[in-house]
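Below you'll find the structure, written out as structure tokens, and then a few comments.
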Ligand code: C5P
């Protein structure tokens with residue numbers, strides 16, 4: 001159910017901390033990778049040894065290991081996580097989360113995590129019912145945090161009421177639902193996606209093209225549409241079916257692709273330039289089939305227009321993503337394209353990586369932006385597309401003017 005998902009489990013100082021151990025087992029059983037971050041008080045309720053053994057990862061409590069000075073980065077923890085689950089969450093931690101207090105690793109990670117956070121409150125019924133706690137929970141809800149409903153029942157204090165931590169099985173179901181739900185997070189946005197190879201005619205019979213099949217661009221168009229975006233897919237000739245919910249504009253030449261992309265971009269919020277566009281096209285197209293002769297033959301070629309660079313020049317606050325396919329490692333050259341074409345980020349794939357490139361269903365890519373680069377493992381093109389769309393969402397989350 002959660003195969004390969006990264007779940008960060010935050011544990012705070014509550015009697016219900018023992019249930020975090022059960023939740024950790026359930027998460028592992030569902031195929032998730034689990035890392036646990038605890039507050040100092042949580043260690044009084046459940047030992048790091050228990051949580052480390054169950055999660056199969058060292059427990060993180062402090063910003064650095066006092067023994068060897070090793071830094072525990074809340075930023076990388078937040079980036080690693082697909083979902084951050086704080087269970088149990090005390091009234092104290094909930095209050096700090098609601099107001100941005102960041103005095104331990106669990107809280108700094110909350111502030112820097114970009115993934116969905118789920119909070120399972122656990123406290124005495126009077127603390128839970130207190131107007132301050134309820135206001136803080138409401139604040140967290142308004143910040144997009146999911147609150148695992150606290151059921152009424154017997155409490156450790158001997159009182160009966162609301163405040164018990166939700167059962168681990170319920171929290172597991174909530175995590176699974178959150179991660180599998182198709183979020184319509186890009187509703188109201190319009191993207192242009194270019195895909196496939198262009199075809200540059202030499203004469204009525206022959207043409208210049210390349211090996212691109214359009215699979216990567218079509219996967220991106222599908223991923224954007226699934227998240228609610230309006231997509232105009234400007235596509236070279238391919239055998240692929242149009243992804244559900246996309247408007248498809250078929251073109252052949254680089255010139256046609258330029259015209260269609262520029263026109264669609266006038267009403268777009270962004271563009272993902274995935275097409276393998278010819279850099280050169282025959283200076284003239286012969287109207288008749290060129291006859292062979294005994295002489296050598298050469299065809300004068302002229303430069304095509306760079307569509308990505310043209311959109312980069314007019315994009316303003318809009319988002320622009322490019323691709324770089326290199327036959328060597330290619331990082332420097334991709335960085336050059338990032339700047340020259342005014343891209344927000346560029347997706348580098350190298351023909352030196354097996355499983356990457358033309359025709360295959362997998363890809364191995366590196367994301368490069370002006371802050372650095374991140375290399376992803378080999379994965380399906382559909383998964384790469386999801387990662388690209390996740391990054392686009394993150395860019396929107398970090399720049400509200402868009
Ligand atoms: O410069 P290079 O062709 O390697 O750049 C690749 C990126 O630029 C890709 O995103 C590709 O779709 C885009 N491009 C374009 N128009 C061109 C050439 C490349 O949009 N004429």
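The values are calculated or read from the model by the stated rules, or taken from the named source; none is laboratory data. Bear in mind that the values here come from a model prediction, so they are computed numbers and not experimental data. Backbone-built Cβ (ideal geometry, glycine too); neighbour counts: all protein chains shown.
For residue 260, the test of being part of a strand (DSSP E or B) and either surrounded by fewer than 20 Cβ atoms within 10 Å (Cβ to Cβ) or within 13 Å of the ligand (Cβ to nearest atom) (or both) is failed.
On inspection, residue 278 passes the criterion of being part of a loop (DSSP other than H, G, I, E, B), touching a strand residue (DSSP E or B) at 6+ places or on another chain (Cβ under 9 Å), within 16 Å of the ligand (Cβ to nearest atom) and at pLDDT 95 or above.
Here's the yes/no breakdown for (1) assigned by TED's automatic domain parsing to the domain that holds residue 358; (2) more than 12 Å from the ligand (Cβ to nearest atom); (3) under 20 Å from residue 342 (Cβ atoms):
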{"position": "239", "(1), (2), (3)": "yes, yes, no"}
{"position": "248", "(1), (2), (3)": "yes, yes, no"}
{"position": "253", "(1), (2), (3)": "yes, no, no"}
{"position": "270", "(1), (2), (3)": "yes, yes, yes"}
{"position": "273", "(1), (2), (3)": "yes, no, yes"}
{"position": "286", "(1), (2), (3)": "yes, yes, no"}
{"position": "295", "(1), (2), (3)": "yes, yes, no"}
{"position": "298", "(1), (2), (3)": "yes, yes, no"}
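Residues in segment 140-158 that are outside any loop (DSSP other than H, G, I, E, B) and within 15 Å of residue 89 (Cα to Cα): 4 in all. Can you confirm whether residue 313 is within 13 Å of the ligand (Cβ to nearest atom) and in a helix (DSSP H, G or I)? The answer is yes for residue 313.
So which of 266, 238 is farther than 18 Å from residue 197 by Cβ and without any contact (Cβ under 8 Å) to a residue 60 or more places away in the chain?
Details: 238 fails: farther than 18 Å from residue 197 by Cβ.
Result of the check over 266, 238: 266.
Condition test on residue 259, is it free of Cβ contacts under 8 Å to residues at least 12 places away in the same chain, out of contact with any helix residue (DSSP H, G or I) (no Cβ under 9 Å at 6 or more places or on another chain) and closer than 23 Å to residue 306 by Cα?
Numbers: free of Cβ contacts under 8 Å to residues at least 12 places away in the same chain: yes; out of contact with any helix residue (DSSP H, G or I) (no Cβ under 9 Å at 6 or more places or on another chain): yes; closer than 23 Å to residue 306 by Cα: yes.
Yes.
If you check 368, 392 for being assigned by TED's automatic domain parsing to the domain that holds residue 228 and either within 12 Å of the ligand (Cβ to nearest atom) or touching a helix residue (DSSP H, G or I) at 6+ places or on another chain (Cβ under 6 Å) (or both), only one passes: 368.
Does segment 185-197 include one or more residues that are farther than 30 Å from residue 309 by Cα and surrounded by fewer than 18 Cβ atoms within 10 Å (Cβ to Cβ)? Before you say what the answer is, go through the steps one by one.
First, pick out the residues of segment 185-197 that are farther than 30 Å from residue 309 by Cα: none.
No, segment 185-197 has no match at all.
The requirement of being over 26 Å from residue 226 (Cα atoms) and either more than 10 Å from the ligand (Cβ to nearest atom) or without any contact (Cβ under 8 Å) to a residue 24 or more places away in the chain (or both) is satisfied by residue 302. All conditions in (1) under 19 Å from the mean Cα position of the chain (by Cα); (2) under 18 Å from residue 384 (Cβ atoms) hold for residue 325, with the sole exception of (1). Taking residue 307, is it away from the ligand (no atom under 12 Å from the Cβ) and either at pLDDT 95 or above or on the phi > 0 side of the Ramachandran plot (or both)? When the stated conditions are applied, residue 307 does not pass them.
Looking only at residues in segment 323-338 that are in a helix (DSSP H, G or I) and touching a residue at least 12 places away in the same chain (Cβ under 8 Å), the one that is surrounded by the most Cβ atoms within 10 Å (Cβ to Cβ) is 334. Just one of the listed residues (320, 343) is assigned to a loop (DSSP other than H, G, I, E, B), within 12 Å of the ligand (Cβ to nearest atom) and either modelled with pLDDT of 95 or more or within 23 Å of residue 221 (Cα to Cα) (or both), and it is 343.
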